[in-house]
1. What does the charge count around residue A:223 come to, taking other residues whose C-beta lies under 15 Å from its C-beta (Lys +1, Arg +1, Asp -1, Glu -1)?
2. Based only on the alpha carbon positions, what is the Kirkwood hydrodynamic radius of region A:225-352, in angstrom?
3. To the nearest 10 degrees, how steeply does helix A:134-150 sit against the main Cα axis of chain A, on a 0 to 90 scale?
4. Ranking B:44, B:201, A:344 by Cβ neighbours within 10 Å, fewest first, what do you get?
5. Take every Cα pair under 8 Å in region B:63-185 that's 6+ residues apart, average their separations, divide by the length, and report that relative contact order as a whole percent.
6. Convert each backbone phi in region A:96-111 into a coupling constant with the Karplus relation 6.51 cos²θ - 1.76 cosθ + 1.60 (shift: θ = phi - 60°), then list the ³J(HN,Hα) values in order as whole Hz, x for Gly and Pro.
7. Taking the convex hull of the Cα atoms, report for region A:1-48 its projected area averaged over all directions, in nm².
8. Taking the number of other C-beta atoms within 10 Å as the exposure measure, put A:238, B:194 in order starting with the fewest.
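Derivation of every value follows stated rules applied to the coordinates shown; laboratory data play no part. Remember, it's a predicted structure, so these values are computed and weren't measured experimentally. With ideal geometry, Cβ positions are generated from the backbone for all residues, glycine too; neighbour counts draw on all protein chains shown.
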Amino acid sequence: MQISISCGAVGVELELCREGVSAWEEQTGNRVEIVSTPNSSTERLALYQQMLAAGADDIDVFQIDIVWPGILGGYFIDLAPYSDGAEKAHFPNLIENDTVDGKLVALPWWTDAGVLFYRRDLLEKHDFAPPETWAELTAIAGTVQQAEREAGNGDLWGYVWQGRAYEGLTCNGLEWIDSFGGGTIVADDGTITVNNSRAAAALDLAASWVGSISPRGVLNYDEEAARGVFQSGRAVFMRNWPYAWSLAQGQDSPVRGKVGVVALPAGSPDGQRSACLGGWHLAVSRFSEHPAEAADLVLFLTSAERQKVRAVRGSYNPTRPALYEDQEVLGVSPFFDTLYETFETANPRPARATGTRYNRVSFAFSRAIHEILSKGIEPAPRLAELERDLLRLSRGGQW
Amino acid sequence: MTSDLTRARIRSAWLFLAPMLLVLALVAAWPLARTFYFSLTDAELSRFGDYGFIGLENFLAESRGVTYGILADPLWWVAVKNTLLFALVSVFFETVFGVIIALVLNASFPGRALMRAAVLIPWAIPTVVSAKMWAWMLHDQFGIVNDALLRLGLISAPVAWLASSDLALWSVVAVDVWKTTPFVALMVLAALQMLPRDCYEAARVDGIHPVRVFFHVTLPLIKPALIVAVIFRLLDAMRVFDIVYIMTGNAEATMTMSVYARQQFVDFQDVGFGSAASTLLFAAIALLTVIYLMATRADLGGRAR
């Protein structure tokens with residue numbers, strides 16, 4: 001029997017996927033074909049939509065982004081009859097996210113939240129602690145960048161992140177705005193909240209980075225482009241997902257042993273911290289000819305044992321609270337322990353509230369932010385314009 | 001009065017034409033008609049097959065004082081502007097450079113065959129590959145273009161070619177010019193090789209300056225070929241998608257009409273709206289072609305000269 005699974009290829013994803021799949025093949029005697037899909041999540045969704053809309057059975061098990069159950073849910077089978085209660089061992093907010101109209105359309109594979117990577121060696125050298133607020137980050141990045149450049153490290157930048165007009169910028173923008181207390185674009189009840197003075201203040205600060213502590217090119221960076229700059233030793237801080245940890249600590253990494261990870265800064269000293277909730281889940285297509293085997297593969301890959309392998313080998317965050325107490329896991333990625341709260345409480349993007357229109361909301365949002373950052377226009381009037389756009393999209397907030 | 005023979009010939013002409021007409025109807029007319037039809041519906045990719053007829057609402061509609069539709073979307077007009085700028089500027093430079101390169105390649109010098117082959121390389125590389133290659137070369141931190149310019153002292157800090165909204169479109173245009181100039185050069189070179197020698201000999205005997213010869217003899221003679229090359233390029237440039245999408249994605253600064261249509265279609269699953277955008281794109285290209293043909297009085301019908 002042969003089934004197929006789609007796997008991402010960011011960092012060591014593909015390698016780990018292959019390992020997990022071979023273990024299942026050995027155990028069950030079935031054959032699995034791995035279909036590699038585009039790295040950009042926007043591209044991947046487009047590909048899935050084309051395949052699923054055409055009713056294609058080429059892929060049985062889909063690796064889906066946490067924001068897609070609302071968009072694609074109708075194409076997936078209910079996993080509850082196969083799971084034997086396995087979903088109870090995962091973070092409840094993730095299972096809630098994967099439940100669409102009472103159907104368990106996916107199981108979480110790994111969870112993700114935006115975190116701040118920093119160069120421990122540079123911060124120690126210049127006598128700084130990791131930043132607690134965005135203002136602190138701005139000041140530290142500026143000071144270290146200037147001092148290092150004067151000392152001959154001319155390529156060094158203060159802070160790199162994801163500034164291309166795509167889903168990644170939606171996450172970055174959401175984190176800035178939410179940590180300033182400006183909300184998450186659209187509230188759970190569908191109210192559009194993005195047009196407020198705190199959001200504008202957050203964007204004012206972010207706009208000040210471009211060209212000063214962040215290279216102008218950051219406006220075309222995705223995850224891997226930012227990692228390329230940070231891992232080659234050209235940046236003090238980087239906002240990225242935890243997967244970058246094991247790569248930055250790899251044998252051939254120029255910054256091996258010099259990197260630390262903390263939660264993203266807060267908007268103000270007593271303010272909240274925010275992290276965009278990410279992560280990838282596994283779902284079974286309803287066009288699959290072997291749903292039982294496909295569901296079994298999903299349960300196998302999301303099991304505690306496999307999630308532990310992924311956590312140890314690739315610093316992929318488990319979706320099971322129990323694994324955050326596992327000494328072997330914590331030994332490899334010590335930040336799992338300190339950031340447990342971040343992962344548990346990370347902020348979902350407004351995908352549930354906006355349903356099938358989430359993509360348009362995300363694009364309108366990232367486009368507005370990109371304009372503010374790249375053209376240096378005032379955030380407040382642009383946010384008002386964004387609110388009008390969203391009102392139009394949602395037919396007056398009804399979605 | 002038609003004879004039996006003429007009627008038989010007309011009949012066999014239709015017979016021979018039929019397969020081609022059938023194929024054209026299948027691959028060109030039918031999809032076009034479908035696209036046009038879908039542009040009048042509210043079809044969506046996620047619930048395909050279940051749609052209703054909504055007239056021209058995808059193009060322009062008003063409800064409660066707010067205008068909807070493509071024609072009311074400022075992003076669409078940005079895309080139209082970008083597409084026109086891209087098409088006009090890139091085709092202009094491709095034509096100028098193409099003619100110059102063709103003139104050089106038409107002269108006889110050692111290694112000419114090798115040069116002719118080498119010039120074609122940018123055209124031969126698949127667009128996806130060359131666009132990705134250029135995106136890396138133009139990278140602001142480790143791109144070779146910035147490195148070279150820095151070493152030459154032409155710039156003092158790395159330039160973010162693809163990220164800055166003023167430069168991105170022109171960077172993409174430059175890459176397109178690099179890629180497609182060989183096409184124009186090849187078309188012009190073919191025309192140059194068919195030119196009669198005697199005009200040039202007469203000009204040389206009369207001692208006329210080569211620049212005058214070019215504008216008064218060469219250019220008029222290669223004009224028909226040039227017009228065809230330009231129209232090919234213009235149609236291509238108006239529907240440009242791959243090079244833009246690979247280098248800068250959905251970014252507003254470089255968004256063309258095709259990128260806009262794709263986004264509506266695929267990212268937003270809105271088949272109706274996307275079809276409406278495609279229909280407008282088709283109309284824009286058709287209009288531009290008509291204007292161009294009238295302006296150049298080109299004769300593509302093959303009437304005997």
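1. My count for the surroundings of residue A:223 gives -4.
2. Averaging 1/r across every pair of different Cα atoms and inverting gives 16.7 Å.
3. Tilt of helix A:134-150: around 70 degrees.
4. With the sparsest Cβ surroundings first, the list reads B:201, A:344, B:44.
5. 36
6. Calculated HN-Hα couplings, in order: 4, 4, 8, 9, 10, 6, x, 9, 8, 8, 7, 10, x, 9, 8, 10 Hz.
7. Averaged projected hull area, Cα only: 3.3 nm².
8. Neighbour counts put them in this order, fewest first: B:194, A:238.
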